[in-house]
1. Please verify whether the stretch B:85-102 includes one or more residues that are modelled with pLDDT of 95 or more and in contact with a Lys or Arg (Cβ under 6 Å, 6 or more places away or on another chain).
2. How many residues are part of a loop (DSSP other than H, G, I, E, B) and touching a residue at least 24 places away in the same chain (Cβ under 8 Å) when one looks only at the stretch A:79-98?
3. Within the stretch A:48-68, can you find the residues that are free of Cβ contacts under 8 Å to residues at least 24 places away in the same chain and either within 12 Å of chain B (Cβ to nearest Cβ) or crowded, with 16+ Cβ neighbours inside 10 Å (or both)?
4. Would you pick out the residues in the stretch A:69-97 that are among the polar types (S, T, N, Q) and surrounded by fewer than 20 Cβ atoms within 10 Å (Cβ to Cβ)?
5. What is the residue count in the stretch B:22-44 for residues that are in a strand (DSSP E or B), away from chain A (no Cβ under 14 Å) and touching a residue at least 60 places away in the same chain (Cβ under 8 Å)?
6. Of the residues B:G50, B:G106, which is surrounded by fewer than 20 Cβ atoms within 10 Å (Cβ to Cβ), within 13 Å of another protein chain (Cβ to nearest Cβ) and under 11 Å from the mean Cα position of the chain (by Cα)?
7. For the condition of a type outside the set (G, A, S) and at positive phi, what is the one hit in B:E11, B:E66, B:E15?
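The values are calculated or read from the model by the stated rules, or taken from the named source; none is laboratory data. Since this is a predicted model, take the numbers as computed values, not measurements. Heads up, the Cβs are rebuilt from the backbone with ideal geometry, glycines too, and the neighbour counts pull from every protein chain shown.
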Amino acid sequence: AAGVIQSPRHLIKEKRETATLKCYPIPRHDTVYWYQQGPGQDPQFLISFYEKMQSDKGSIPDRFSAQQFSDYHSELNMSSLELGDSALYFCASSGTGSRALQFFGPGTRLTVL
Amino acid sequence: DAKTTQPNSMESNEEEPVHLPCNHSTISGTDYIHWYRQLPSQGPEYVIHGLTSNVNNRMASLAIAEDRKSSTLILHRATLRDAAVYYCILRDVPGLRGQNFVFGPGTRLSVLP
């Protein structure tokens, strides 16, 4: 079965640079969630989108923005990167019929030097 | 959000059953009990969920106390591949779009050969 796809899988950036992470949800899923997991931490919710509209917001820094496109894929844009942004970023999706369940992608490991 | 409490870590021998407890004394009547697990360097993976009745699937069983203030995830025969952090998460009734998960500390399960 198709799963959530995230790209790139690994990304190395310098401080103050920008980064864009992409997420392709499971086909026919209309909701996308972004989570950040720092070293030794549990995943923390950042933001979610339903039908291309932001539906919930967590601890997402103002330097970060995200959107969901007409094909339901989502992008997380991160600017003025800081060392503390180094983390695993997970995208999850859910859809009608399995609304309670979120299916997670493999994650993007971002390293800020 | 209703809070869950899990032991920080547990150990099991390979091919033996494992019972992972979760306390959620402030659970509301509409909260579903979800279990996810996260293997090292991977995204969280759905294990099982339930509302009131015990549930079984190919991965595990979920035993829910009659008063719903606690639950137990049961792995019938632990394998080395089951070594992961197991999260017990409460989430309201399905159908509400964009509802994120709140990941708590979870239980780190070690499986000994």
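1. Yes, some residue in the stretch B:85-102 is modelled with pLDDT of 95 or more and in contact with a Lys or Arg (Cβ under 6 Å, 6 or more places away or on another chain).
2. Narrowing the stretch A:79-98 to residues part of a loop (DSSP other than H, G, I, E, B): A:79-82, A:86, A:95-98.
With the extra rule that they be touching a residue at least 24 places away in the same chain (Cβ under 8 Å), the set shrinks to A:79-82, A:86, A:95-96.
The number of residues fulfilling the criteria is 7.
3. Those that are free of Cβ contacts under 8 Å to residues at least 24 places away in the same chain and either within 12 Å of chain B (Cβ to nearest Cβ) or crowded, with 16+ Cβ neighbours inside 10 Å (or both): A:S48, A:Y50, A:E51, A:K52, A:M53, A:Q54, A:D56, A:K57, A:G58, A:S59, A:F64.
4. A:S70, A:N77, A:S79, A:S80, A:S86, A:T96
5. Residues of the stretch B:22-44 in a strand (DSSP E or B): B:22-23, B:32-38.
Filter once more, keeping what is away from chain A (no Cβ under 14 Å): B:22-23.
With the extra rule that they be touching a residue at least 60 places away in the same chain (Cβ under 8 Å), the set shrinks to B:22.
So the answer is 1.
6. On the way: B:G106 fails: surrounded by fewer than 20 Cβ atoms within 10 Å (Cβ to Cβ).
Checking each option against the conditions leaves just B:G50.
7. B:E15
Residue-by-condition table, conditions (1) out of contact with any Lys or Arg (no Cβ under 8 Å at 6 or more places or on another chain); (2) closer than 29 Å to A:S7 by Cα; (3) at pLDDT 95 or above; (4) aliphatic (A, V, I, L, M):
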residue: B:V18; (1), (2), (3), (4): yes, no, yes, yes
residue: B:H34; (1), (2), (3), (4): no, yes, no, no
residue: B:I64; (1), (2), (3), (4): yes, no, yes, yes
residue: B:S70; (1), (2), (3), (4): yes, no, yes, no
residue: B:I74; (1), (2), (3), (4): yes, no, yes, yes
residue: B:R108; (1), (2), (3), (4): yes, yes, yes, no
residue: B:L112; (1), (2), (3), (4): yes, no, yes, yes
